[in-house]
1. Which of the residues that make up the stretch B:79-92 are surrounded by 24 or more Cβ atoms within 10 Å (Cβ to Cβ) and facing chain A (nearest Cβ under 9 Å)?
2. How many of the residues in the stretch B:60-78 are out of contact with any Gly (no Cβ under 6 Å at 6 or more places or on another chain) and more than 7 Å from chain A (Cβ to nearest Cβ)?
3. Would you mind listing the strands (runs of 3 or more DSSP E) fully within the stretch A:43-153 where at least 2 residues are surrounded by 22 or more Cβ atoms within 10 Å (Cβ to Cβ) and of a type in the set (Val, Ile, Thr)?
4. How many of the residues making up the stretch B:101-124 are surrounded by fewer than 24 Cβ atoms within 10 Å (Cβ to Cβ), within 18 Å of B:Glu143 (Cβ to Cβ) and more than 7 Å from chain A (Cβ to nearest Cβ)?
5. For the stretch A:146-178, which positions are of a type in the set (Asp, Glu), out of contact with any Leu (no Cβ under 7 Å at 6 or more places or on another chain) and farther than 17 Å from A:Thr4 by Cβ?
6. Mind telling me which of the residues B:Val227, B:Val220 ends up being under 23 Å from A:Gly83 (Cα atoms) and not in a helix (DSSP H, G or I)?
7. In the stretch B:242-260, is there at least one residue being under 17 Å from B:Leu29 (Cα atoms) and not in a helix (DSSP H, G or I)?
8. When the residues of the stretch A:241-255 are narrowed to those that are closer than 16 Å to A:Ser79 by Cβ and among the hydrophobic types (A, V, I, L, M, F, W, C), which ends up surrounded by the fewest Cβ atoms within 10 Å (Cβ to Cβ)?
Amino acid sequence: MTDTLKFLVRAAREFRRGGWVFTGFHWPVLAGQLAARLRTAPGEPGDPTETEFVQCFEAGAGVWGAARLVPSSTTDYPSYADGLHYVAESGDVLLALARRFDRVVLDAANVDLRGRVNSSFIGRREQPTVRLPGGGGSADIVARATEVVWLHGGDDPRRLQARVEHVTAAPPADALVRLHCRWGVVRLGARPTLDQIVPDADGAEGFATHLAALGVDVTRAVPCPDVRPDELAAARAVLVDAAERGYDVAVRALREEREEAAQ
Amino acid sequence: MSSLSLPEAVAAFAPDGARVYLGNFGAQLFCVGHELIRQRRRELDVVVASGGLLLDQLFGAGLVRSATFGHCWSPVGPAPAWNFRRLAESGAAAGRIHELPLGWFTAALAAGAQQLPFMAVPDLPGTGYVTEDWPGGRALVVETPFGSARVISAEVPDVAFVHADLADAAGNATIRGPLGETVLAAQAARATVVVAEALVSTAEVLAAGVTLPGLIVDAVVERPGAVRPDGAVGRYDRDVAAYRRYSSASRTVDGFRQWLRTEVLDRQETP
């Protein structure tokens with residue numbers, strides 16, 4: 001549970017750097033909500049004028065501040081309608097604005113050293129072993145991005161691979177591409193590097209070993225900056241609300257917490 | 001301009017073999033999909049940007065001849081769209097699905113709206129959309145004196161069912177929330193049916209703002225709760241529990257059939 005919370009806090013900091021942030025499904029939604037909550041006082045409604053970042057969704061939305069409810073997805077319009085001040089079409093966001101976003105933050109279930117993701121098929125396309133959901137707007141937005149932040153919240157280091165089997169989205173060669181996971185931050189591209197590591201995270205050593213075997217330079221990693229108690233508390237509150245809003249990862253994390261407490 | 005009940009609109013505008021766009025991006029017209037199922041439509045070519053559970057239910061009910069979409073899953077959870085997944089993993093989806101990145105999807109509708117054969121789109125080098133032809137023959141590179149460009153073929157649905165918050169008797173309609181590809185779909189389709197939460201006076205629509213002009217609308221249906229279990233801005237929230245119940249039920253074929261019987265086939269639209 002703690003590793004998950006710290007991961008979420010670090011992901012939220014990518015939003016708190018400010019600017020216009022394209023926000024994808026799943027972990028990015030939760031990270032965006034955490035960032036927005038940390039920006040406003042507890043119990044206070046989000047003040048749009050005090051928000052240092054704007055989240056944009058592929059449906060054609062620009063949202064200021066924290067949502068009324070944790071959005072069950074970026075297509076959960078009523079949950080964030082109060083902060084919806086830019087209304088557009090998907091084409092505006094995915095085609096016309098893609099190159100202008102300060103950052104693109106997306107979920108990555110399967111990612112490779114070049115920063116490419118597979119969210120389409122495992123196995124042959126004609127009859128896949130596992131049919132994944134498909135890419136939605138990820139290919140459009142990533143292809144024009146200047147900075148991509150992939151979020152992987154899972155606990156299987158093998159989801160970071162030398163080369164994904166099918167490529168759903170591929171960043172341009174000159175984009176800054178980083179992967180946040182529970183064990184640290186990896187810079188992806190022609191010369192992949194482990195930039196930051198979370199030394200006390202469960203499995204961090206195994207992750208570094210996995211990266212080294214893939215040819216990633218792990219020698220220059222520095223410890224991730226500390227996470228404050230108030231950030232952890234806010235992250236836990238987001239996960240509690242996210243569990244109510246149907247997020248499997250939140251339900252799982254809270255169950256783990258209960259099990260840890262019982263031991 | 002016709003004001004119809006939902007069963008009447010589905011019967012009139014979506015016959016067997018029709019190419020049917022179902023909106024909206026995140027406020028999906030489940031009521032239209034369910035009526036298509038109840039009316040036993042067959043051989044539909046379904047066009048839906050964010051596939052979601054609506055497309056999954058149409059796959060499961062056996063209505064779909066082909067599907068053009070951006071992705072297909074339950075955004076709540078998130079969880080697989082189990083019918084879609086079973087179909088693909090059995091090999092039965094091969095050749096029947098046209099998978100487009102959503103930017104290309106909107107460009108295809110823009111071409112259709114402007115009565116052009118295709119629209120140039122940003123290339124996606126290295127992705128399966130290009131290297132493995134996931135769009136299924138709909139994208140290629142053309143050479144022109146102005147340079148080369150990847151293009152996507154026009155999308156022209158026979159009918160677009162579009163969700164709106166308000167509509168008047170002349171078809172002028174107000175959409176609340178992000179627009180997705182909905183307006184383009186209404187412009188591209190040969191016919192457009194607005195399914196509105198409320199049919200109101202023209203003055204009320206004008207006050208709220210016209211998103212879809214009556215000029216491109218052929219019929220209006222008043223149907224409160226049209227997008228449940230999705231949410232409608234200012235009216236009702238997404239029903240997360242219903243999403244989860246469906247995901248759980250549809251994990252198996254038998255579970256899906258039971259769900260379909262109790263939630264769709266045993267229910268009727270009020271005329």
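1. Of everything in the stretch B:79-92, those that are surrounded by 24 or more Cβ atoms within 10 Å (Cβ to Cβ) and facing chain A (nearest Cβ under 9 Å) turn out to be B:Ala81, B:Phe84, B:Ala88.
2. 10
3. Hits in the stretch A:43-153: A:103-107, A:147-151.
4. 6
5. Matches in the stretch A:146-178: A:Glu165, A:Asp174.
6. On inspection, the qualifying residue turns out to be B:Val227.
7. Checking the stretch B:242-260: not a single residue is under 17 Å from B:Leu29 (Cα atoms) and not in a helix (DSSP H, G or I).
8. Here the residue is A:Ala243.
The values are calculated or read from the model by the stated rules, or taken from the named source; none is laboratory data. Bear in mind that the values here come from a model prediction, so they are computed numbers and not experimental data. A quick note on method: Cβ atoms are made from the backbone with ideal geometry, for glycine too, and the neighbour counts reach across all protein chains shown.
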